[in-house]
Amino acid sequence: MATSETITRALPTLHEFFAPGGILAGSSLPYEYRPGQLEMAKAVERALAERRHLIVEAGTGTGKTLAYLLPALRTGQRVIISTGTKALQDQLFFRDVPFLETLLGPLRVCYMKGRANYLCRHKLVTLRDQPILSGLEEIDQYKQISEWEQTTETGDRAELSGMPESSPLWNKLDARTDACLGSTCPDYRRCFITEMRRRALESDIIIVNHHLFFADLSVRQQAAGAPDAGILPEAAAVIFDEAHELEEVASNYFGLSVSNVRFEELARDTDAMLRGKEGAERMPATTQQLRERARMFFAGLPIAGDGRQPFVGREEFLETSGDLYMAVRATLKLLEADMEGLTGVDEAPGLRKRVARLRTELEFLLESNASNMVYWMERRIVGGGSERSSSSAPRGAFRSQARHTFLQATPIDVSELLHEMVFDQIPTVVLTSATLTVQGGFEHMRKRLGLSEARELVVPSHFRYDKQALLYLPPNMPDPREPDFPEAAAECIRRVLEITRGRAFCLFTSYSQMRDLYERLLPVLDFPLLLHGTAPRKALLEQFRDTPNAVLFGTSSFWQGVDVQGEALSCVIIDKLPFAVPSDPVVAARMKAIEEAGGKPFFDYQVPAAVLTLKQGFGRLIRSLEDRGVLVLLDPRVRRQRYGQTFLASLPPYRMTATITDVEAFFEQGGTA
């Protein structure tokens, strides 16, 4: 892959590849002709040829990856494919593309991650002579990285299987833009980022993830057209897989975030990179002052407890504690001026830009009043390789914890930004996912993403949901907001799991509800129970697959991007309809904006968003034609409330029941209803 040889052979037509008796039928894959797959491939090819946008909901099992990969290759132009997760990115590059190459021959495809995934060779050399390694573990890791650097071709930390996800040393060595010297770096020609850019320019397909795509877009926006800004080359088209995640990811990168961690890292990097440089003698005193004033500033913020909360009292904070803000801002200005005075120091210009950017963003967060921004704060705990709002962390989950405080500004509406920067700038954008429609229509997604002109296509799943899945809606459940709901939920889950013999995901909308039900069920179930937060997500999934009759209790990150095929997962239980928390600062601001525009926030925003999340959660169960199982929704509002019909009408055609004996019969008959 990613060879520099020019591919001159003609690729097969879509019909030659996908049709019965075609190339795909003769491959090593178990083949069954899927009309929807060919229909989607034709729609993608047409959109690419006519430079039009396309939005496609392709049900699980459609084979949508091949349905967009082959048309993209057939254009002969550069196409960027952006995925919602690194897991899908890995699947595309390490499984799907090699499979295509067995049928089509060598392809020019490359794989790009965010800069923080790659080693900076200059930092490695700089750190060698700096006494800032913390303890024997970091020294050992440094030795391991140094040896690996001699042989690696990519510099991708994923190759370091023994490196902990939470390694603080890696943060001192990665290739993030903040500390990059660009073309002035003495290691520029050997730089892994330079090499990655070169491979991208020589490739027909570039596989990235949404975070990298929007981080790159954000860098370009801030650099206002500077030639070296960003790492992604120009492309004729972008295909967004798992496009249901675009609004959230774009909101993060079109917004601003300043944290105590950024101040600590800036001070640390300044000390390390300028130590011993001529003219930088006063730097350690200035960076120490920056550390102290930043700590006082973040300690003085009016943040009550942990978690996300609106920063509604910015004016009052500036009146009562403005000296804390002015002090840290003055120190940033002093550091910036000191770096301006350094001549002949390669690292100084990059560090000065970093200081200036931090100062500008801090000023925006404290002093601006942009109408399309919501300002908020969050305190998270970090430890054990995990990160979350500390109010929601499982008790006893971490041996060591650190609190990180964030000041944030998030766009209330990203539709105009996406329209201007993506859909107006890129000739063809294809959006696809298994969950894009609400009641069969794309209106909600198009409105949230600013997609005004686009063709639409819904490709039903290849799976036989009426035969493979049973949706159980238990009768007589109390409303989830009632105090007797947890006890009733525990009893219902216990009864269902005894029928299914474990083999289930129990998915929750909050950590507190998950913990409560886990603790209620732990003494009464004989199955192995796994709890989200007690180990890294990947490790928990491996343990679930390898442990007979296991039950995994999980929250948001297990609702999507998780693929467990076979009998190991035969049941998915969801506690309640996954409405966004209305008190969340971003959700509250978006609901208020919809109301002020004359809309109905609950029906226009909360219900459609919850529908898509529910479809994702239930989508964990049926992952192949052989999978069978039961879905359980404990929330009675889906039957009792008028909006419940919107949820039921948006789900695949599951057979539904309110009778527990139907669940028993389903499993007695080997999973066929």
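The values are calculated or read from the model by the stated rules, or taken from the named source; none is laboratory data. Worth saying up front: this structure is predicted, and the values here are computed from it rather than measured. So basically every Cβ, Gly included, is an ideal-geometry build from the backbone, and we count neighbours across all protein chains shown. Just the protein is used for accessible areas: all its heavy atoms, side chains included, with ligands, DNA and RNA removed. Shrake-Rupley method; radii C 1.70, N 1.55, O 1.52, S 1.80 Å.
Restricting to DSSP loop positions (anything but H, G, I, E, B) with no more than 16 other Cβ atoms inside 10 Å of their own Cβ, which trypsin sites (Lys or Arg not before Pro) remain in the stretch 177-248?
Sparse-neighbourhood loop trypsin sites (Lys or Arg not before Pro): 189, 190.
Determine, from the Cβ-Cβ distance of residue 452 and residue 370 and an R0 of 25 Å, the FRET efficiency 1/(1 + (r/R0)^6), rounded to the nearest 0.05.
So, using R0 = 25 Å, E works out to roughly 0.60.
Using the 2.2 N^0.38 Å rule of thumb for compact globular proteins, work out how the chain stacks up: its C-alpha Rg over that value, please.
1.00
How much length is gained on full extension from residue 236 to residue 275, taking 0.36 nm per residue of separation minus their Cα-Cα distance?
The residue 236-residue 275 span can extend by a further 9.5 nm.
Where the accessible area of the chain is counted over protein heavy atoms with a 1.4 Å probe, how much of it, in %, is carbon and sulfur?
49
Would you mind working out the accessible area per residue for the stretch 173-281, using a 1.4 Å probe, and quoting it in Å²?
40
Can you figure out the FRET efficiency of residue 625 with residue 522, using R₀ = 45 Å and their beta-carbon distance, to the nearest 0.05?
Once the sixth-power term is evaluated, E becomes 0.80.
Averaged per residue, what accessible surface does the stretch 53-92 expose to a 1.4 Å probe, in Å²?
Ligands and nucleic acids excluded, the figure is 24 Å² per residue.
Which lysines, on any chain, are close to residue 447 with Cα under 18 Å apart, when same-chain ones fewer than 8 places away are left out?
592, 600
Label points 7 Å out from Cα along the Cβ direction at residue 498 and residue 315: separation in nm?
Label at residue 498, label at residue 315, 6.1 nm between them.
Separation between the residue 222 and residue 264 pseudo-spin-labels, each 7 Å from Cα along Cα→Cβ, expressed in nm?
My value for the distance between the label points is 2.1 nm.
Ignoring ligands, DNA and RNA, what accessible area per residue does the stretch 557-673 give at 1.4 Å, in Å²?
Averaged over the residues of the stretch 557-673, the accessible area is 40 Å².
Say R0 is 45 Å: what FRET efficiency, to the nearest 0.05, do residue 466 and residue 360 get from their beta-carbon distance?
Computed FRET efficiency for residue 466 and residue 360 comes out at 0.20.
If I model a spin label as a point 7 Å beyond the Cα along the Cα-Cβ vector, how far apart are those points for residue 198 and residue 353 in nm?
Roughly 2.2 nm, to one decimal.
Could you let me know the centre-to-centre spacing of the stretch 204-276 and the stretch 559-578, using Cα atoms, in angstrom?
Taking the Cα centre of the stretch 559-578 as reference, the centre of the stretch 204-276 is 32 Å away.
Would you mind putting 79-92, 409-422 in packing order, based on average other-beta-carbon counts within 10 Å, highest first?
Put in order of decreasing packing, that is 79-92, 409-422.
For residue 116, put the label point 7 Å out on the Cα→Cβ axis and report which residues of the stretch 235-279 keep their amide N under 11 Å from it.
262, by backbone N distance to the label point.
First check a/c for the stretch 315-375, with a ≥ b ≥ c the square roots of the eigenvalues of its C-alpha gyration tensor; if it is under 1.5, answer rounded, and if not, answer prolate when a/b is larger than b/c or oblate otherwise.
Oblate shape, in that a/c is at least 1.5 and b/c is the bigger or equal ratio.
Using only Cα atoms, find the angle between the long axis of helix 314-340 and the longest principal axis of the chain, and express it within 0 to 90 degrees, rounded to the nearest 10.
Taking the Cα atoms of the chain, the angle to 314-340 is about 60 degrees.
What is the extension gain from residue 664 to residue 595, computed as 0.36 nm multiplied by their sequence separation minus the C-alpha to C-alpha distance, in nm to one decimal?
Between residue 664 and residue 595, full extension yields an extra 20.2 nm.
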